Structures are given as C-alpha cells and as structure tokens.
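The values are calculated or read from the model by the stated rules, or taken from the named source; none is laboratory data. Not measured: the values here are computed from a predicted model. Virtual Cβ from ideal backbone geometry, glycine too; neighbours counted across all protein chains shown. Surface accessibility is based on the protein's heavy atoms, side chains included, excluding ligands, DNA and RNA. Shrake-Rupley method; radii C 1.70, N 1.55, O 1.52, S 1.80 Å.
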Amino acid sequence: MEAARQYNVHEAKTHLSRILEQVATGQEVIISKAGEPVAKVVPLRPKVRRTGRGSLAGRIHIADDFDELPDDIADAFGVR
C-alpha cells in the first residue's frame, strides 16, 4: 500500500480541491502542522443501496404459530 500524501496546513488550504480529488480516487491524505500530523482525510464509504421494504418477500417464511410460546417457556417468564 502506498504511503499517504502529506500536506502542511498552508498547502492544504491552497490545494484543497486537488486533495479532495485524490481522496475521491481512494487515496488518504495527511495534514500536518509544524511537521506533526494532525488530521487524516479519507474517502467516505459508499452508501449502501437498499432495495426497499419487502425485499425478502417470498424468500423467508414465518410459521403461523410464531407468536405462541411453548408452555414451559411461558411459565418461566410468568406470561400465563
């Protein structure tokens, strides 16, 4: 893995657009103040594409007695 490019604060302010382009391509950038690293600019994770409600329709089955507790478990929880 390639080492992260490092900019001092002045360079970072001057070249912010360039830094953001680098980060958008997956690179990490370090920002330093007086030669000491103080921040890391990293790409955001891509958003998860959700298919919406009902995306598991027809792929799972819930038994008709799903909400019914067996007697011994109901007794243990004091539900009966």
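Ordering PRO70, HIS15, PRO43 by the projection of their Cα atoms onto the charge dipole of the chain, which places +1 on the Cβ of Lys and Arg and -1 on the Cβ of Asp and Glu, puts HIS15 at the extreme positive end.
From Cα pairs below 8 angstrom and at least 6 apart in sequence, can you work out the relative contact order of the stretch 12-80, rounded to a whole percent?
Here the relative contact order equals 17 percent.
From its DSSP helices (H runs of at least four residues, each -39,500 (n - 2.57)), the chain gives a residue-normalised ellipticity at 222 nm of -6500 deg cm²/dmol. Only beta bridges with both residues in the stretch 6-65 are counted; by DSSP, about 60 percent of them are antiparallel. Against the criterion of solvent-accessible heavy-atom surface with a 1.4 angstrom probe, LEU44, LEU69 sort, most first, into LEU44, LEU69. Rounded to the nearest 20, the size of the Cβ-charge dipole of the chain about its Cα centre is 980 debye, with Lys and Arg at +1 and Asp and Glu at -1. Taking Lys and Arg as +1 and Asp and Glu as -1, the other residues whose beta-carbon sits under 13 Å from that of ARG18 total 0. Our summary of shape: the Cα atoms of the chain have principal axis extents of 71, 32, 24 Å, ordered from largest down, in whole angstrom.
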